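What follows is calculated from the coordinates using simple rules that are stated; it is not laboratory data. Predicted, not measured: the structure shown is a model, and the values here were computed from it. Ideal geometry is used to build each Cβ from the backbone, glycine not excepted, and the neighbour counts take in all protein chains shown.
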Amino acid sequence: MKKKISRIWGIGFVIVLAASLLLSAAPVSAGDLGWNEFKLPSDATTSNVILNADALTDYAVDFAVASDGTLYAVDGQNIWVYKSTDAGKTWSRKKPANLVAAASAPILVAVAPDDPDLVAIVLANDFAFASTDGMAKCSDLGLTLAGAAVANPRALLISPDAAGKHHIAVGGDDGAGTIEVASYNLGATVPSWTDLDGTGVGPDATDSVLAMEFSPGFASDFTLALVTETAGTAVFLELYS
């Protein structure tokens with residue numbers, strides 16, 4: 001009798017163990033799919049559109065993303081900078097008085113990688129401006145880019161802080177088919193433009209700058225990488241340091 005009871009308990013234990021293994025192996029079901037509602041662009045009277053109704057274009061020509069997620073964009077048609085602090089769901093138009101007085105639309109925009117309020121823009125008339133308060137105010141950088149040797153700007157960049165200065169780099173060409181790169185040392189005692197593309201720098205017959213990026217270690221190596229082209233037929237990688 002004792003053996004029979006022991007055998008029954010043994011069989012029962014095996015059944016319970018097997019059942020627990022089956023239960024633990026059951027896959028976890030995913031939650032039901034759902035939708036979130038976001039407002040679609042409506043009209044020029046709301047902040048849900050990036051362009052107003054009478055704009056000549058329907059797209060941003062350049063944008064920049066700050067380290068905290070703030071977005072800046074320009075459309076190349078209107079004399080202001082668009083700013084969003086909620087991942088692009090709503091936008092505000094930043095129109096500092098001296099930017100409006102310049103009477104030219106921004107075509108390039110950049111933001112510092114370590115300061116979401118430090119913004120630089122280049123206008124269609126080749127003037128450059130910088131703001132240290134998220135485009136509430138801005139100031140021109142003293143010269144047109146033509147005065148800094150860049151006639152057709154195509155790339156704009158701000159460096160990380162290096163010894164208390166941020167370097168604003170503008171790349172393009174000189175208007176005659178040769179690349180030009182200029183840098184503005186914002187934060188210097190007497191800030192000024194420097195022509196980086198001097199004699200002997202860069203491959204021969206390079207026409208224009210396509211893109212630029214500062215080194216992650218810029219504060220110590222002061223290196224700027226460039227992608228340049230020759231009339232759309234060849235692409236080069238250049239390093240300035």
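Only the Cβ atoms of Lys and Arg (+1) and of Asp and Glu (-1) were treated as charged; on that basis the dipole of the range 62-240 about its Cα centre amounts to roughly 740 debye.
Given a Förster distance of 35 Å, report the FRET efficiency between Ser220 and Ser104 from their Cβ-Cβ distance, rounded to the nearest 0.05.
On the way: r = 37 Å, r/R0 = 1.06.
The calculated FRET efficiency here is 0.40.
Between beta-carbons, use under 14 Å as the cut-off and find the net charge around Tyr184, counting Lys and Arg +1, Asp and Glu -1. Net local charge, Tyr184 excluded: -3. How far is it, in nm, from the label point at Ser192 to the one at Ala162 when both lie 7 Å from their Cα along the line to the Cβ? For Ser192 paired with Ala162, the spin-label model returns 1.8 nm. With neighbour counts taken as other beta-carbon atoms within 10 Å, the residues Ser183, Ser241 rank, fewest first, as Ser241, Ser183. Note that the range 62-240 carries a Kirkwood radius of 16.4 Å, evaluated over its alpha carbons pair by pair. You can think of it this way: the chain between Thr233 and Asp140 has 29.9 nm of extra reach, that is 0.36 nm per residue less the Cα-Cα gap.
Compute the FRET efficiency between Asp114 and Ser92 as 1/(1 + (r/R0)^6), taking r as their Cβ-Cβ distance and R0 = 22 Å, and round to the nearest 0.05. The value I calculate is 0.40.
Neighbour counts of C-beta atoms inside 10 Å place Glu37, Glu213, Glu238 in the sequence Glu37, Glu213, Glu238, starting with the fewest.
Projecting the Cα atoms of Leu224, Ala169, Phe63 onto the charge dipole of the range 62-240, computed from C-beta unit charges around the Cα centre, puts Phe63 farthest toward the positive end.
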